[in-house]
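One structure is given below, encoded as structure tokens.
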Amino acid sequence: MDENTQKDIINILRKSKRYDLIAIMLTIFEGLDSDFEYESQEEPVEEFCEGGALPEDPSYGISDEGFYYLK
């Protein structure tokens with residue numbers, strides 16, 4: 001969140017005389033990591049989707065109690 005948005009929120013709360021919420025919001029703003037960056041993926045997503053996964057066996061049964069189970 002940029003500083004202008006933070007200042008706008010504080011100004012709105014100040015006009016409403018909600019000093020308790022201003023203190024909470026300042027604590028939240030301090031906790032925000034402005035340097036956050038997503039981790040770069042080493043491999044493209046397509047390589048994760050490709051692969052030699054075994055096909056699933058969707059056959060199932062129903063127990064005497066009425067529960068479903070995989071065969």
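Run the quick spin-label model on Ser63 and Ala23: label points 7 Å from Cα toward the beta carbon, then report their separation in nm to one decimal.
5.5 nm
For the range 2-10, take each phi angle, set θ = phi - 60°, evaluate the Karplus expression 6.51 cos²θ - 1.76 cosθ + 1.60, and give the result in whole Hz per residue in order, putting x for glycine and proline.
Once θ is set to phi - 60°, the couplings for the range 2-10 become 7, 5, 5, 5, 4, 5, 4, 4, 5 Hz.
Packing-wise, with mean Cβ within 10 Å as the measure, how do 7-18, 59-70 rank, highest first?
Ranked by mean Cβ neighbours within 10 Å, highest first: 7-18, 59-70.
Since every read-out is calculated from the coordinates, none of them should be taken as a lab result. Quick caveat, the model's predicted, so the values are computed rather than measured. All Cβ positions, even for glycine, are placed from backbone atoms using ideal geometry, and neighbour counts span all protein chains on display.
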